[in-house]
Amino acid sequence: MALAALVILAVAAVTGFVVVKQGLGSGADNSEQAVRENVPAEDSAALQPAAFQSVPLPGESASGSGVIGAIGPVAAVRITPRPPTSAAAVSTNDKRLAGRVICIDPGHAVNTNSGSEPIGPGSSETKTTEPGGTSGVISGVPEYVVTLAIAKQLKVLLEAEGAKVVMVREGDYFEGLARDRTLIANQAGADLYVRIHCDGSTNQSANGASTLYPASIPGWTDDIVVESTRAARSIQAALVNGLGVPDLGVVERSDMLGFNWSDVPAILAEVGFMTNPDEDRRLTSPEYQLRVAQALDAGIADYFSAS
Ligand SMILES: [Zn+2]
């Protein structure tokens with residue numbers, strides 16, 4: 001009796017779940033995105049747990065002998081959901097970014113370039129092409145290593161969600177001018193250009209995350225400023241939520257080559273200070289780098305879900 005009652009309860013629970021899923025998933029991917037708009041970022045994964053995606057609906061299983069046979073595996077999956085243990089395991093089969101093209105720019109490179117170049121098309125004002133980034137006050141690890149590690153984790157997450165990802169660099173070197181990074185995003189026709197950096201300060205107590213976006217400059221950025229600002233707000237909120245670090249806000253910038261040459265919405269995430277001992281320790285650990293990537297991923301998905 002007890003076993004029979006348990007089975008009936010399981011049928012009711014699972015059937016209820018499946019009905020909800022049918023409601024969510026009956027249309028195209030768009031219907032899922034519409035639902036997602038009202039779901040907090042940290043909860044959105046619960047709507048589409050990877051383990052549920054391949055489970056047959058009752059009656060759909062060709063080999064299943066009735067409802068009980070069909071729902072057996074579902075109950076087992078619900079009781080022992082697989083924890084996300086790596087970037088690849090997170091959001092598997094969740095195609096919320098299908099059709100999106102995202103260009104990821106891991107800041108800096110092992111090679112520096114002390115030459116200068118115009119800060120925007122046709123400008124007489126110039127900036128150093130690649131002065132090099134900051135480095136860990138404790139670890140000694142250079143910024144370009146951390147930004148690439150985060151970028152690679154982010155690439156895996158975004159691709160698992162259906163996005164096409166274009167990387168500005170996948171190795172330690174970047175040959176070319178600073179503007180060439182942005183031209184890669186332009187040529188890719190990216191829906192979003194995500195630049196990843198770590199901050200540095202002479203004040204070692206400075207810590208936290210900020211996200212930069214382009215100021216509106218006629219002929220340069222006026223056509224991307226609205227979307228860039230919206231993306232910056234989404235990503236900044238996700239960084240603060242996901243990492244629990246001080247919120248240094250979104251910051252408008254008019255002097256950045258990477259924005260002024262951009263024809264696509266662009267943001268620059270300063271994910272933490274390598275000159276702060278605590279943040280340096282965290283930023284140089286693969287586990288925290290994954291958390292940063294997950295936060296960026298959540299912010300990017302939030303941005304697109306509202307567009
Ligand atoms: Zn930097």
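Could you tell me how many of the residues in the range 140-154 are in a helix (DSSP H, G or I) and open to solvent by less than 50 Å² (accessible area, probe 1.4 Å)?
10
Answer with yes or no whether F259 is under 19 Å from P121 (Cβ atoms) and within 16 Å of the ligand (Cβ to nearest atom).
Yes: the conditions hold for F259.
Residue by residue through the range 164-185, note down the ones that are more than 16 Å from A266 (Cβ to Cβ) and either in contact with a helix residue (DSSP H, G or I) (Cβ under 9 Å, 6 or more places away or on another chain) or aliphatic (A, V, I, L, M) (or both).
Scanning the range 164-185 gives K164, R169, E170, G171, D172, F174, G176, L177.
Residues are listed down the side, and each one gets a yes or a no for (1) within 16 Å of the ligand (Cβ to nearest atom); (2) at negative phi; (3) crowded, with 20+ Cβ neighbours inside 10 Å; (4) not in a loop (DSSP other than H, G, I, E, B):
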{"position": "K95", "(1), (2), (3), (4)": "no, yes, no, no"}
{"position": "G99", "(1), (2), (3), (4)": "no, no, no, no"}
{"position": "C103", "(1), (2), (3), (4)": "no, yes, yes, yes"}
{"position": "H108", "(1), (2), (3), (4)": "yes, no, yes, no"}
{"position": "N111", "(1), (2), (3), (4)": "yes, yes, no, no"}
{"position": "G115", "(1), (2), (3), (4)": "no, yes, no, yes"}
{"position": "S124", "(1), (2), (3), (4)": "no, yes, no, no"}
{"position": "K127", "(1), (2), (3), (4)": "yes, yes, no, yes"}
{"position": "I138", "(1), (2), (3), (4)": "no, yes, no, no"}
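Which one is surrounded by the fewest Cβ atoms within 10 Å (Cβ to Cβ) among residues in the range 155-165 that are small (G, A, S) and assigned to a loop (DSSP other than H, G, I, E, B)?
G162
Yes/no matrix, rows are residues, columns are (1) touching a residue at least 40 places away in the same chain (Cβ under 8 Å); (2) of a type outside the set (A, V, I, L, M, F, W, C); (3) on the phi < 0 side of the Ramachandran plot:
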residue: A151; (1), (2), (3): yes, no, yes
residue: D180; (1), (2), (3): no, yes, yes
residue: D199; (1), (2), (3): yes, yes, yes
residue: Q204; (1), (2), (3): yes, yes, yes
residue: T211; (1), (2), (3): yes, yes, yes
residue: P218; (1), (2), (3): no, yes, yes
residue: D222; (1), (2), (3): no, yes, yes
residue: V226; (1), (2), (3): no, no, yes
residue: S234; (1), (2), (3): yes, yes, yes
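Just for helices (runs of 4 or more DSSP H) wholly inside the range 166-285: which have at least 2 residues that are open to solvent by 20 Å² or more (accessible area, probe 1.4 Å)?
178-188, 225-243, 277-283
The values are calculated or read from the model by the stated rules, or taken from the named source; none is laboratory data. Computed from a predicted structure; not experimentally measured. Every residue, glycine as well, gets a Cβ built from its backbone with ideal geometry; the counts of neighbours run over all protein chains shown. Areas reflect the complete protein model, heavy atoms only, side chains present, ligands, DNA and RNA absent. Shrake-Rupley method; radii C 1.70, N 1.55, O 1.52, S 1.80 Å.
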